[in-house]
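Data block below; observations after.
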Amino acid sequence: MTLDAAPLLVLGAVVVAALIVVAIVFDQRRSAALARLGANRAGSGRARRIGICLTIAGVGVLAFGAAGPAASVPVPRASGTVMIAMDVSQSMSATDVKPSRIVAAEKAAKKFIDAQPSSVDIGVVAFEEGALVTTKPNADHSQALNAIERLKVSGGTSLAAAITGSLAAITGKTVTIGQDGQLPDLGYWGSATIVIFSDGQDTGNPDAVTAAELLAQQSSVHVDTVGVGTTAGTTVTVDGYRLHTALDEDTLKGISQITSGAYHPATDAAQLGSVAKSIDLRLTLQNKAYPLAGGLIGLALALLLAGAVLTVAGTGRVV
């Protein structure tokens, strides 16, 4: 905890207190003879001296309170950037999670957004074989909600594209895996999280695990994955062909483990509904100022009142 106040006003409080002390010294010399007149007068002198001390303290505290001091206390506050990466590949139209994987994932993502404080910037990336940033990270969560409502399924699945597309939105840079197999320098993003909603069936190149390993090497961004679907799977019709599709938990777990994130299974609508509570964002410590002026002024008035009462009791007059 740190204490902040206006330096000039604090200095003024010290000067005022010093001037009062000087005045008291001269007054004490003038009344020294009177203080030796008897026990009763000595008792009155003690009361007067205590009253004067309380008055000095009251003036000092009052001046310090007028300086507007505030205690700066570090408090935990959920903040940072979250990119929600939504799988919109054809396999997400499967109905092994009712009413369909994509609809259930959308509902879960919306609950997650609604659960976040305004201090968290949220963006949305839709991905299939490539990735499209539909909403850049910002504090207006309604934009993210609207982006999710507009999603439509098409194409294959590239989880690597989900990762690089989300990184591009977080960093504001073009992020691709170069011919050398590396990501560009992304800098430090300790409070950034990517949350991927997907069935994990990766058909892209490079593979998702490779992209996750590069992310772990070059950035502090961590990835949480939400598995949408069942391991038994079901069939979907794509371009007239019936294809089997099932949840690939191993791939999604691998991504989250490599990037120090967490995997969240969601094989039914009930589990998807609880995802918002199970995803933990990083907490950052931020200083919050608590004003102290009101309490100090109240204390000063109490000291001044006590000082005045004792001074009157000792001398019959207020200093």
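Residue-wise test of (1) outside the structural domain of residue 95 (by TED's automatic domain parsing); (2) surrounded by 23 or more Cβ atoms within 10 Å (Cβ to Cβ); (3) part of a strand (DSSP E or B).
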{"residue": "185", "(1), (2), (3)": "no, no, no"}
{"residue": "189", "(1), (2), (3)": "no, no, no"}
{"residue": "193", "(1), (2), (3)": "no, yes, yes"}
{"residue": "206", "(1), (2), (3)": "no, no, no"}
{"residue": "212", "(1), (2), (3)": "no, yes, no"}
{"residue": "227", "(1), (2), (3)": "no, yes, yes"}
{"residue": "231", "(1), (2), (3)": "no, no, no"}
Would you say residue 47 is of a type outside the set (Asp, Glu), at pLDDT below 70 and in contact with a Phe, Trp or Tyr (Cβ under 9 Å, 6 or more places away or on another chain)?
no
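Would it be correct to say that residue 156 is over 22 Å from residue 193 (Cβ atoms) and surrounded by fewer than 18 Cβ atoms within 10 Å (Cβ to Cβ)?
Taking the combined requirement at face value, the residue satisfies it.
The values are calculated or read from the model by the stated rules, or taken from the named source; none is laboratory data. From a predicted model like this one, the values you see are computed outputs, not experimental measurements. Methodologically, a virtual Cβ is constructed for each residue, glycine included, from the backbone with ideal geometry; neighbour enumeration extends over all protein chains shown.
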